[in-house]
1. Could you list, in their original order, any pairs among Lys37/Lys79; Lys92/Lys153; Lys18/Lys131; Lys37/Lys65; Lys125/Lys193 whose Cα atoms are separated by more than 20 Å?
2. I need Leu181, Leu72 ordered by Cβ neighbour count within 10 Å, fewest first.
3. Tell me, in nm to one decimal, what length is gained between Glu40 and Leu181 on full extension, where the rule is 0.36 nm per residue of separation less the Cα-Cα distance?
4. Quick check: pseudo-label points 7 Å beyond the Cα along Cα→Cβ at Glu83 and Lys131, how many nm apart are they?
5. Suppose every Lys and Arg Cβ carries +1 and every Asp and Glu Cβ carries -1, with no other charges. What dipole size does the chain come out with about its Cα centre, to the nearest 20 debye?
Amino acid sequence: MRNSEGEKKQNKNLKVQKGEETRALLLNVSQNLFSRKGYEEVSVEEICRQAGVSKGGFYHHFSSKEELFLELLDRWLSKLDEELLNIESQAKTVEEAISLMTDFAGYVMEQAEGSYGILFEFWNKARNDEKIWKGAVSYFDRYRKFFRGILEKGIQKGEFPPFDLDLFSQMMVSLAVGVFLESALNPSERNWKSSLKEMIAIILSHFKKERT
């Protein structure tokens, strides 16, 4: 009886593992296809064919190609979220946290060269699909709130003087997105990692000047 229960548990675990592997495979294959061909040119049939997965298997994990597309965006940004929270928790000061986050953003720009295709597809598709647009916009709102919270802590700790938190959190998000986009379109123009760091340093120096 014990062996029977043990076998059932083992079979269940193997089934779950296989399901996770299939889901990851579909995501990886679709990201590559979307990057090379564009969202509209890629069908569920082609994703399944490239992944070696049946359409039934696809729809077991995703209700539509659109849902899979949003999952790709969430997967990429979840890694970013995790690292930002890790930096914030380990930094001794808010200024140090912002500086480390800037370094990390520069690293992301350096490593994202192969991901630009899918990112441009997200932005392009968001213009024409309300569901994807809402999904993409929600992340901008989330990062504005995230940076607002960090800046607010800086004020509470006495590192920064009181200022318009909404304005400056918006400015930080807009700056990061703008530099990221420009680095993708014109990577050889300048050292974008260094440029972003200098821009953030100017913002922080403004805070220090206002405090004195």
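Rule-based calculations on the coordinates, nothing more; no lab input. Computed from a predicted model, the values in this text were never measured in an experiment. Quick reminder, even Gly has a Cβ in these numbers, built from the backbone with ideal geometry, and neighbours come from all protein chains shown.
1. Violating the 20 Å Cα-Cα cut-off are Lys37/Lys79; Lys18/Lys131; Lys125/Lys193.
2. Leu181, Leu72
3. 48.6 nm
4. Distance between label points: 3.0 nm.
5. 560 debye
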